[in-house]
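Inspection log for the structure reproduced underneath, given as structure tokens.
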Amino acid sequence: MNLADLADELDAYFHVELVTLDDWSVEHERCYPEPYWRDYVEPGYPERWNGLMVRGGDEVERAVTCVFPSDAIVEALEPRTLLFSEHPLDFADRPGFLPLARASFEELRARECSFYQVHLPLSQHPQVGPSHLLAEGLGLEATREFARTDPGLPAGSAVIGESSLTLEGLIARLRAVVGYDIPIHVLARASGYADRVAVAAGGGGQPEVLAEALALGCRTYVTGNAGTYSEIEIAQRFNREFRVLAEREQLSVIDATHYGTERPPQLAMVEWFAARGLQARFAENGPK
């Protein structure tokens, strides 16, 4: 498949042209003291931080999806592969975001591989957004979206809805959705029933997102970083403020890891690429 055509279709599907508030410059400055990444990425990428990041050969023969890109994933790519990711950087609790080595960028170039990345456009996608897929998998009813991190994008990054399940029943269903190898931590149990459930996948364990959920009647909160051990200062602060607010409001809080809660969209995108005639697979490198 032609790379330009595929990138255009991805841009349209994820509404990349509408992004206004997804700046990764601070994280890149922290991760890349030597900014060699700029020698490899597309000219407009550092302004939009989404879309085609690294241009490979003109033809794409296969696709690999991942939650977090890593040197190990790049090393395993076959020639003329499009790597698709939600994040431009790897993520680990300790020490935090990790860069791709210069050697990985060189490998992408040598193998004519491309790297396409969308963060908020995926988080706020009405069909394959992680919170939307989790809410669907959990069987939530009368759902509505919230947390429009970037107001220019067509959907919210979080979903709230009703559940008649017990808390244990909700946890069992969550395991089936994210994968049985993903650790699930119940950080607080306020009731035996799930009741009104907010799903804020990935890094949704933030006090301002929780405040929105509370205003919508949330009694159980499902996220991916409420129990984070990240060494990034801002993540630690958000985590402390989130936990204080959740305890004060006596919520049930369930954490299925940043990686686990953002895994379902990458599996969905395997099907998206396969429907376009490409060999496609998901590269595991979690849970984190």
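The values are calculated or read from the model by the stated rules, or taken from the named source; none is laboratory data. Computed from a predicted model, the values in this text were never measured in an experiment. No Cβ is skipped: glycine too gets one built from the backbone with ideal geometry, and neighbour counts run over all protein chains shown.
May I ask you to list pairs of residues, at least six apart or on different chains, whose Cβ atoms are under 8 Å apart, with the first in segment 14-25 being assigned by TED's automatic domain parsing to the domain that holds Glu47 and assigned to a helix (DSSP H, G or I) and the second being modelled with pLDDT of 95 or more and of a type in the set (Val, Ile, Thr)?
Within 8 Å, the pairs are Phe14/Val118; Val16/Val118.
Do you know which of the residues in segment 23-43 that are over 22 Å from Ala63 (Cβ atoms) and of a type in the set (D, E, K, R) is surrounded by the most Cβ atoms within 10 Å (Cβ to Cβ)?
If we take residues in segment 23-43 being over 22 Å from Ala63 (Cβ atoms) and of a type in the set (D, E, K, R), then Glu27 is surrounded by the most Cβ atoms within 10 Å (Cβ to Cβ).
Pairs please, first residue from segment 64-92 and at pLDDT 95 or above and surrounded by 18 or more Cβ atoms within 10 Å (Cβ to Cβ), second anywhere and among the polar types (S, T, N, Q) and not in a strand (DSSP E or B), Cβ atoms under 7 Å, 6+ apart in sequence or on different chains.
Pairs found: Thr65/Gln266; Cys66/Gln266; Cys66/Asn285; Val67/Gln266; Phe68/Asn285; Ser70/Asn285; Ile73/Asn285; Val74/Ser104.
Quick one: how many residues across segment 93-114 are of a type outside the set (D, E, K, R), more than 29 Å from Gly227 (Cα to Cα) and either in contact (Cβ under 8 Å) with a residue 12 or more places away in the chain or surrounded by 22 or more Cβ atoms within 10 Å (Cβ to Cβ) (or both)? Even if it seems obvious, please write down each step before you answer.
Applying the first criterion (of a type outside the set (D, E, K, R)) to segment 93-114 yields 95-101, 103-105, 108, 110, 113-114.
Now narrow it down to the ones that are more than 29 Å from Gly227 (Cα to Cα): 103-105, 108, 110, 113-114.
Now drop any that are not either in contact (Cβ under 8 Å) with a residue 12 or more places away in the chain or surrounded by 22 or more Cβ atoms within 10 Å (Cβ to Cβ) (or both), which leaves 103-105, 108, 113-114.
Residues flagged as of a type outside the set (D, E, K, R), more than 29 Å from Gly227 (Cα to Cα) and either in contact (Cβ under 8 Å) with a residue 12 or more places away in the chain or surrounded by 22 or more Cβ atoms within 10 Å (Cβ to Cβ) (or both) within segment 93-114 amount to 6.
Out of the residues in segment 115-149 that are part of a strand (DSSP E or B) and in contact (Cβ under 8 Å) with a residue 24 or more places away in the chain, which is surrounded by the most Cβ atoms within 10 Å (Cβ to Cβ)?
Keep residues of segment 115-149 that are part of a strand (DSSP E or B), which gives 115-117, 141-146.
Still in the list and also in contact (Cβ under 8 Å) with a residue 24 or more places away in the chain: 115-117, 144, 146.
Details: Phe115: 26, Tyr116: 24, Gln117: 24, Arg144: 12, Phe146: 19.
Here the residue is Phe115.
Tell me, which residue of segment 152-167 that is part of a loop (DSSP other than H, G, I, E, B) and in contact (Cβ under 8 Å) with a residue 60 or more places away in the chain is surrounded by the most Cβ atoms within 10 Å (Cβ to Cβ)?
Selected residue: Leu153.
So, of the residues in segment 204-220 that are touching a helix residue (DSSP H, G or I) at 6+ places or on another chain (Cβ under 6 Å) and not polar (S, T, N, Q), which turns out to be farthest from Leu165 (Cα to Cα)?
First pass over segment 204-220, keeping only residues touching a helix residue (DSSP H, G or I) at 6+ places or on another chain (Cβ under 6 Å): 205-207, 210.
Within this subset, residues satisfying the condition of being not polar (S, T, N, Q) are 205, 207, 210.
Working: Gly205: 22, Pro207: 26, Leu210: 21 Å.
Top of the filtered list is Pro207.
Does segment 17-46 hold any residues that are among the acidic types (Asp, Glu), over 22 Å from Pro154 (Cβ atoms) and touching a Phe, Trp or Tyr at 6+ places or on another chain (Cβ under 7 Å), and which are they? Can you show your working first?
We begin by selecting, within segment 17-46, every residue among the acidic types (Asp, Glu); these are 17, 22-23, 27, 29, 34, 39, 42.
Now narrow it down to the ones that are over 22 Å from Pro154 (Cβ atoms): 27, 29, 34, 39, 42.
Answer for segment 17-46, where residues must be among the acidic types (Asp, Glu), over 22 Å from Pro154 (Cβ atoms) and touching a Phe, Trp or Tyr at 6+ places or on another chain (Cβ under 7 Å): just Glu27.
Kindly list the number of the only condition in (1) closer than 27 Å to Leu98 by Cα; (2) under 18 Å from the mean Cα position of the chain (by Cα) that fails for Ala198.
Status for Ala198: all satisfied but (1).
For segment 268-288, how many residues are within 21 Å of the chain's Cα centre (by Cα) and basic (Lys, Arg)? Break it down into steps so the answer makes sense when it comes.
Taking segment 268-288 and keeping what is within 21 Å of the chain's Cα centre (by Cα), we get 268-274, 280-288.
Retained after the next criterion (residues that are basic (Lys, Arg)): 281, 288.
Final tally of qualifying residues: 2.
Cβ-Cβ under 7 Å, sequence separation 6+ or interchain: first residue in segment 195-213 and in the same structural domain as Asn239 (by TED's automatic domain parsing) and closer than 18 Å to His132 by Cβ, partner assigned to a loop (DSSP other than H, G, I, E, B) and of a type in the set (Lys, Arg). Which pairs?
Note: pairs meeting the criteria are Arg196/Arg219.
From (1) crowded, with 17+ Cβ neighbours inside 10 Å; (2) touching a residue at least 40 places away in the same chain (Cβ under 8 Å), pick out the condition that doesn't hold for Phe238.
For Phe238, the exception is condition (2).
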